[in-house]
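Every number in this text was worked out from the coordinates using simple rules, so none of it is lab data. Just so we're clear, the structure is a prediction, and the values are computed from it rather than from any experiment. Reconstructed Cβ throughout: ideal geometry from the backbone, glycine too, with neighbour counts over all protein chains shown.
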Amino acid sequence: MAAAPEGLAVHCVVVLPGGCMPRELDLLGRALCAFGAGLARAARVEVTDGRLAALPSARAYLAFGEAQAHALGRELPVELQQRAQIVLADVPGQVLADAAGKRRLWNALRHLRRALASSDG
């Protein structure tokens, strides 16, 4: 699958496992909103059966779980992998379940926000 043309690139894409519970999505939405409009408006894609249906070209990708990171790696062209910032976070269920998962998500979002801010200027 080819990524979208460079002119249509978005700032960030969030890669989620398929079938997330509403409570998990709510927590993730609130966390993304806490880090500003750029992350709050990030495109969201789901991995189903190990595949991504569509994947826009982006400056950064936030993958929730190793399986989603692997699917991203299979679908993302190598050139884009080398240019994009790719950040891994725990799967949403783990983020919701314990404080360490929330802390790791917070750190991943801080890292992502800094990377996006430095590439803007």
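Could you tell me how many of the residues in the range 103-121 are surrounded by 13 or more Cβ atoms within 10 Å (Cβ to Cβ) and either touching a Lys or Arg at 6+ places or on another chain (Cβ under 7 Å) or without any contact (Cβ under 8 Å) to a residue 24 or more places away in the chain (or both)? Residues in the range 103-121 being surrounded by 13 or more Cβ atoms within 10 Å (Cβ to Cβ) and either touching a Lys or Arg at 6+ places or on another chain (Cβ under 7 Å) or without any contact (Cβ under 8 Å) to a residue 24 or more places away in the chain (or both): 3 in total.
Set side by side, the residues L88, L25, L52 differ, and just one is aliphatic (A, V, I, L, M) and buried (at least 17 other Cβ atoms within 10 Å of the Cβ), which is L52. Applying the set (1) touching a Phe, Trp or Tyr at 6+ places or on another chain (Cβ under 8 Å); (2) closer than 19 Å to A117 by Cβ; (3) part of a strand (DSSP E or B) to V15 leaves exactly one unmet item: (2). Mind checking which residues of the range 35-49 are surrounded by 12 or more Cβ atoms within 10 Å (Cβ to Cβ) and either over 22 Å from L116 (Cα atoms) or out of contact with any helix residue (DSSP H, G or I) (no Cβ under 7 Å at 6 or more places or on another chain) (or both)? Listed by number, the residues that qualify are R41, A43, R44, V45, E46, V47, T48.
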